[in-house]
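Participant: First the structure, then my questions, so here it is.
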Amino acid sequence: MSDPIIRMQGVNKWYGKFHVLQDIDLEVARGERIVICGPSGSGKSTLIRCLNRLEEIQQGRIVIDGTELDGDLRHVEQVRRDVGMVFQHFNLFPHLTVLENLTLGPIWVLHRPKAEAEAVARRYLERVRISEQADKYPGQLSGGQQQRVAIARALCMAPKIMLFDEPTSALDPEMVKEVLDVMVELAGEEGMTMLSVTHEMGFARRVADRVIFMDGGRIVEQNTPDAFFDNPQHERTKLFLSQIL
Ligand code: ADP
Ligand code: MG
């Protein structure tokens, strides 16, 4: 792959004695949409958290858009500006309004003037169809609305890469679609690189360029969604798919 935006080479990570990521080699092209799936505990969250250094690795290399994640704090700051993340449990600031949640990073990290940050924030709130909630607090919103705020908040930082860690798995079933619709729309935009850990296989079929299956800290199998779902190669993949489909 020429000029990948993400390069993981020989990545190994341990939690104490537990070998959580094993010999991970992964290159992601600019603008590529990747879905990562696999059983609980297989290392999916750990893998994507390494990409913005929420977790450190003990072996191997990670390079994000030319910046090596090597422990140099300036590199970490650079990468965190380039990489937005959306978590299972939203992680909004409960004591700040929706609008304040969205402008905090742009004002304090990107040093944008307040008025400009608010204008950008309102634009993204409109895009995730939640503009009327700007002055509410997260606790006053439904889970689906909070997750859409979390997505808008990440987008306000103008990231090159968006990471989603099971963004719909904590939601009531009737709210899953409103969040997936926003993600599908985002995936349709030119240039955004997206890695989503999710078991929403309809979403994977619709938007993924590549599906990656993890088990036991390894990438076991990867393929286009059609090939992955219709013709899985490994026994572990077949077992996993038989359990979730
Ligand atoms: P997944 O997202 O695929 O469910 P995780 O990456 O969260 O998997 O976790 C992989 C394994 O590492 C699990 O067995 C989990 O218990 C363990 N683990 C995760 N975080 C930590 C941690 N901070 N310390 C020790 N073990 C951890
Ligand atoms: Mg996880």
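The values are calculated or read from the model by the stated rules, or taken from the named source; none is laboratory data. Treat the numbers as computed from the prediction; the structure is a model and nothing was measured. When we count neighbours, we look across all protein chains shown, and the Cβ atoms used for this are built from the backbone with ideal geometry, even at glycine.
Participant: Taking the residues in the stretch 52-66 that are away from ligand 2 (no atom under 16 Å from the Cβ) and surrounded by fewer than 17 Cβ atoms within 10 Å (Cβ to Cβ) as candidates, determine which candidate is nearest to Val197 (Cα to Cα).
Facilitator: If we take residues in the stretch 52-66 being away from ligand 2 (no atom under 16 Å from the Cβ) and surrounded by fewer than 17 Cβ atoms within 10 Å (Cβ to Cβ), then Glu56 is nearest to Val197 (Cα to Cα).
Participant: Let me ask something additional. Pairs, please: C-beta under 7 Å, at least 6 apart or cross-chain, first residue without any contact (Cβ under 8 Å) to a residue 60 or more places away in the chain and in the stretch 197-224, second buried (at least 21 other Cβ atoms within 10 Å of the Cβ) and assigned to a loop (DSSP other than H, G, I, E, B)?
Facilitator: Filtered contacts from the stretch 197-224: Glu200/Thr168.
Participant: Every residue in the stretch 33-57 that is charged (D, E, K, R) and in contact with a Cys (Cβ under 9 Å, 6 or more places away or on another chain), please.
Facilitator: Lys44, Glu56 - these are the residues of the stretch 33-57 that are charged (D, E, K, R) and in contact with a Cys (Cβ under 9 Å, 6 or more places away or on another chain).
Participant: Continuing with the same structure: Do the conditions hold for Gln233, that is, is it more than 15 Å from ligand 1 (Cβ to nearest atom), touching a strand residue (DSSP E or B) at 6+ places or on another chain (Cβ under 9 Å), at negative phi and part of a strand (DSSP E or B)?
Facilitator: The answer is no for Gln233.
Participant: So, one more: Go through Val28, Val35 for me and flag whichever is β-branched (Val, Ile, Thr) and either within 16 Å of ligand 1 (Cβ to nearest atom) or out of contact with any Ser or Thr (no Cβ under 9 Å at 6 or more places or on another chain) (or both).
Facilitator: So the residue among Val28, Val35 that is β-branched (Val, Ile, Thr) and either within 16 Å of ligand 1 (Cβ to nearest atom) or out of contact with any Ser or Thr (no Cβ under 9 Å at 6 or more places or on another chain) (or both) is Val35.
Participant: For residues in the stretch 49-72 being among the small types (Gly, Ala, Ser) and assigned to a loop (DSSP other than H, G, I, E, B), which is nearest to ligand 1 (Cβ to nearest atom)?
Facilitator: The residue in question is Gly71.
Participant: Let me ask another. Go over the candidates His89, His75, His95 one by one and state the one that is at pLDDT 95 or above, part of a loop (DSSP other than H, G, I, E, B) and either more than 16 Å from ligand 1 (Cβ to nearest atom) or within 25 Å of Gly143 (Cα to Cα) (or both).
Facilitator: Sole residue among the options that is at pLDDT 95 or above, part of a loop (DSSP other than H, G, I, E, B) and either more than 16 Å from ligand 1 (Cβ to nearest atom) or within 25 Å of Gly143 (Cα to Cα) (or both): His95.
Participant: Among the residues of the stretch 133-173, which ones are of a type in the set (Ser, Thr, Tyr) and buried (at least 20 other Cβ atoms within 10 Å of the Cβ)?
Facilitator: Thr168
Participant: I've got another one for you. For the subset of the stretch 9-51 comprising residues that are within 15 Å of ligand 2 (Cβ to nearest atom) and of a type in the set (S, T, N, Q), which member is surrounded by the fewest Cβ atoms within 10 Å (Cβ to Cβ)?
Facilitator: If we take residues in the stretch 9-51 being within 15 Å of ligand 2 (Cβ to nearest atom) and of a type in the set (S, T, N, Q), then Ser40 is surrounded by the fewest Cβ atoms within 10 Å (Cβ to Cβ).
Participant: Just one of (1) surrounded by fewer than 19 Cβ atoms within 10 Å (Cβ to Cβ); (2) farther than 27 Å from Asp65 by Cα trips up Ile130, so point out which.
Facilitator: With (1) surrounded by fewer than 19 Cβ atoms within 10 Å (Cβ to Cβ); (2) farther than 27 Å from Asp65 by Cα applied to Ile130, the lone miss is (1).
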